[in-house]
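The structure appears right after this line, and notes come after that.
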């Protein structure tokens, strides 16, 4: 993935590595991942087949709701 996407392993965020592990875990368990992080998971899905979707009904975070 790093070579195809031009990512430098040393510069890849720990959070992105955790996203990969999360995607693999969801695939293994047969779960659909619910996330606002569409960009990273679309990148991951080019290499790992798993299902993900945006939160329903919208993608408001706690800070957007004033929490």
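The values are calculated or read from the model by the stated rules, or taken from the named source; none is laboratory data. Just so we're clear, the structure is a prediction, and the values are computed from it rather than from any experiment. Methodologically, a virtual Cβ is constructed for each residue, glycine included, from the backbone with ideal geometry; neighbour enumeration extends over all protein chains shown.
Is there a residue in segment 5-17 that is surrounded by 10 or more Cβ atoms within 10 Å (Cβ to Cβ), over 8 Å from the mean Cα position of the chain (by Cα), modelled with pLDDT of 95 or more and part of a loop (DSSP other than H, G, I, E, B)?
no
Being modelled with pLDDT of 90 or more, surrounded by 13 or more Cβ atoms within 10 Å (Cβ to Cβ) and out of contact with any helix residue (DSSP H, G or I) (no Cβ under 9 Å at 6 or more places or on another chain) narrows it down to one residue among 27, 45; which is it? Give the steps one after another, and end with the answer.
On the way: 45 fails: out of contact with any helix residue (DSSP H, G or I) (no Cβ under 9 Å at 6 or more places or on another chain).
Every option except 27 fails the conditions.
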